[in-house]
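Step one of this worksheet: look at the structure below.
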């Protein structure tokens, strides 16, 4: 039986796939439409395990947030491109360990905004703003950001699974530098990104997936090389083990099964401002 789409809000354009809704489809969520599931099916035709990209990205976010909450004094987070709420959101992980942690989510997808309002009801330390995450000057100038985050103290800034959807004229490294320049020493920046390993074994798969993403109803999804991704952490000192496969960044236990091919095509890292 076909899955029936939920009622579509009047401001949702279901002729185009949404990044947030496509990720929701990858994670077996319910807040997506047929156009979003079409992207998933197309990618799965060239990479049957493609949904693992989204799972690895989400697991990295959870482990990174837990690490920051446990190992640093950081109590404030700016989560850019938060996506649709799912289990273990940033504020849930951080506030379970440090209840006084403040989290500001940023997104401009209409579906995400509708769900984001519900997050605001959970506690007074969780906030949501509608801004373009690739316009750092606008994000940082937002009144809610300015009222709730103290940039004279360390902040955790996340761009998890976001920048590989940016293909505008401004270099991604410049976007990240604009964010990093305002952060206090001790701040931590977390990024995950689709990756072209530049190996004969995995690079062809990365390029095939990129081609599908770019020619899908979503139209975005760049698999950049390691030097380009490294440039997105300007002036930062990388926290061990640096930029590595998301699945291999401080996993929760020993690996009992080999990685799927697609798991070699998404990396992440945390960098600290000195």
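Every read-out reported here was derived from the displayed coordinates using simple, explicitly stated rules and does not represent laboratory data. It should be emphasised that the depicted structure is a prediction, and the values quoted were computed from it without experimental measurement. Here Cβ is always computed from backbone atoms with ideal geometry, including for glycine, and neighbour counts include all displayed protein chains.
Here are some notes:
- Among beta bridges that DSSP assigns inside the chain, antiparallel share in %, nearest 5: 35
- Packing-based exposure ordering (other Cβ within 10 Å, fewest first) of 30, 273, 257: 257, 30, 273
- Taking the chain and dividing mean pair separation by its residue count, relative contact order in percent (alpha carbons under 8 Å, at least six apart): 20
- Computed over the alpha-carbon atoms, segment 150-274 gives an Rg to Rh ratio of 1.00, Rh here being the Kirkwood radius from the mean inverse distance.
- Computed extension gain for residue 34 through residue 13, at 0.36 nm per residue and net of the alpha carbon distance, reaches 6.4 nm.
- The modelled label-to-label distance for the pair residue 123/residue 214, using points 7 Å beyond Cα in the direction of Cβ, is 4.3 nm.
- From the C-alpha gyration tensor of segment 205-269, square roots of 5λ in Å: 24, 19, 8
- Extension gain for residue 182 to residue 252 (0.36 nm times residue separation, less C-alpha to C-alpha distance): 21.9 nm.
- Here segment 157-178 is scanned for amide nitrogen atoms under 14 Å from the site 7 Å beyond the Cα of residue 72 along Cα-to-Cβ, giving 157-160.
- Likely footprinting exposure, 153, 137, fewest C-beta neighbours within 10 Å first: 137, 153
- Computed over segment 112-165, Kirkwood Rh from alpha-carbon pairs, angstrom: 12.7
- Distance histogram in 10 Å bins (all Cα pairs of segment 51-272, percent per bin): 8, 35, 38, 17, 2, 0
- Among 67, 158, 194, a tally of other beta-carbon atoms within 10 Å of each Cβ gives an order, fewest to most, of 67, 194, 158.
- For segment 1-151, the orientation-averaged shadow of the C-alpha convex hull comes to 10.3 nm² (one quarter of the hull surface).
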